[in-house]
Amino acid sequence: AQTVTQSQPEMSVQEAETVTLSCTYDTSENNYYLFWYKQPPSRQMILVIRQEAYKQQNATENRFSVNFQKAAKSFSLKISDSQLGDTAMYFCAFISGANSKLTFGKGITLSVRP
Amino acid sequence: DAGITQSPRHKVTETGTPVTLRCHQTENHRYMYWYRQDPGHGLRLIHYSYGVKDTDKGEVSDGYSVSRSKTEDFLLTLESATSSQTSVYFCAISADLNTEAFFGQGTRLTVV
């Protein structure tokens, strides 16, 4: 069974600082994909970044980057130059190439302080 | 914005009654998902579909059933609603395994 674990329920960061959100997963598959989604108070789910497991290079999207450690099954999200608009709940998600089950972690609430 | 619509957006129902939530998409995406979101539990997968009439269970499928008779519609039925099924329900669609999943606006269901 595939599982996604986000062990930190809440984090807080000062505006313009950098913060890292942790995520670990468990799978016996070798072909899979990982995602980070953001859910602001509006409840809308927004894709932040994605990573293919077969790619060794860490994905980056502007201020967002990941540290993908395949052997450790770790997929953390780094937000640089944090902005007030980054305040949201962040979810880590996993999908295997063997099935189409898109599994999410419990999420982490990030607050950016002015 | 991706064409995905959930209906109804809000519903209050009584314990023991059947309830059906509808997810409709205009994107012709292959994959469709139903989740429930509860504080402290994140998004939990109820059922998902990988094609017309092809569905499978997620981690919290007890008390729920689904049907997908057309590409565009994915129905979630609570066979006999219970108070523990009070939640916000999200539908999601995706074209492929490695592509972005688009979410509906959610349905807030209250079982009294």
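Net charge of the neighbourhood of residue B:86, taken over other residues with C-beta under 13 Å away and scored Lys/Arg +1, Asp/Glu -1, is +1.
Among the listed pairs A:70/A:101; A:70/A:106; A:73/B:70; A:38/B:53, those with a Cα-Cα distance over 26 Å are A:73/B:70; A:38/B:53. Per the Debye calculation on region B:4-111 with a single equal scatterer at every Cα and no solvent contribution, log₁₀ I(q)/I(0) for q = 0.10, 0.11 Å⁻¹ amounts to -0.24, -0.29. Geometric descriptor of region A:53-102, per residue, is 103 Å³ (volume of the convex hull of the Cα atoms).
Taking neighbour counts of Cβ atoms within 10 Å as a proxy for exposure, in what order, fewest first, do A:36, B:34 appear? Walk me through the numbers before you get to the answer.
Details: A:36 25, B:34 28.
Result, fewest neighbours first: A:36, B:34.
Taking chain A as a Gaussian network of alpha-carbon nodes connected by springs under 10 Å, the highest mean-square fluctuation of the residues A:12, A:22, A:80 belongs to A:12. For residue B:29, no residue has an amide H sitting under 5 Å from its own, ignoring neighbours fewer than 5 places away on the same chain, with H placed 1.01 Å from N.
The distance between label points at residue B:2 and residue A:63 comes to 2.5 nm (points 7 Å beyond Cα on the Cα→Cβ vector). In terms of surrounding Cβ atoms within a 10 Å radius of their Cβ, B:17, B:107 rank from fewest to most as B:17, B:107.
Starting from the exponent 0.38 and prefactor 2.2 Å, build the expected Rg for the protein assembly as shown from its residue count and divide its actual Cα Rg by it.
Expressed relative to 2.2 N^0.38 Å, the Cα Rg reads 1.01.
Given chain A, what whole percent of its Cα pairs are spread farther than 25 Å? Please report the intermediate quantities before stating the final value.
Details: 1113 of 6441 pairs.
The proportion of pairs with Cα distances above 25 Å equals 17 percent.
If we count other beta carbons within 10 Å of each Cβ, what is the order of B:38, A:26, fewest first?
A:26, B:38
Along region B:8-24 the Karplus relation, 6.51 cos²θ - 1.76 cosθ + 1.60 evaluated at θ = phi - 60°, assigns HN-Hα couplings of x, 8, 9, 7, 10, 9, 9, 3, x, 8, x, 9, 10, 9, 10, 10, 10 Hz to successive residues, with x for each Gly and Pro. Highest GNM mean-square fluctuation among A:79, A:46, A:95, for chain A modelled with Cα contacts below 10 Å: A:46. In a DSSP loop and with at most 14 other Cβ atoms within 10 Å, the trypsin sites (Lys or Arg not before Pro) in region B:51-92 are B:53.
Seen from residue A:103, the other residues with C-beta closer than 15 Å to its C-beta sum to a net charge of +3, counting Lys and Arg as +1 and Asp and Glu as -1. Computed over chain A with a Gaussian network model linking Cα atoms closer than 10 Å, the most mobile of A:82, A:65, A:42 is A:42.
Using the Cβ of residue A:66 as centre and a radius below 10 Å, the other residues enclosed give a net charge of +1, where K and R count +1 and D and E count -1. Placing dummy labels 7 Å off each Cα toward the beta-carbon, the span from residue B:26 to residue A:14 is 4.8 nm.
None of the figures in this text is laboratory data; all of them are computed from the coordinates on show. Remember, predicted model here, so these are calculated numbers, not experimental data. Because the Cβ atoms are built from the backbone with ideal geometry, glycine has one as well, and the counts that use them run over all protein chains shown.
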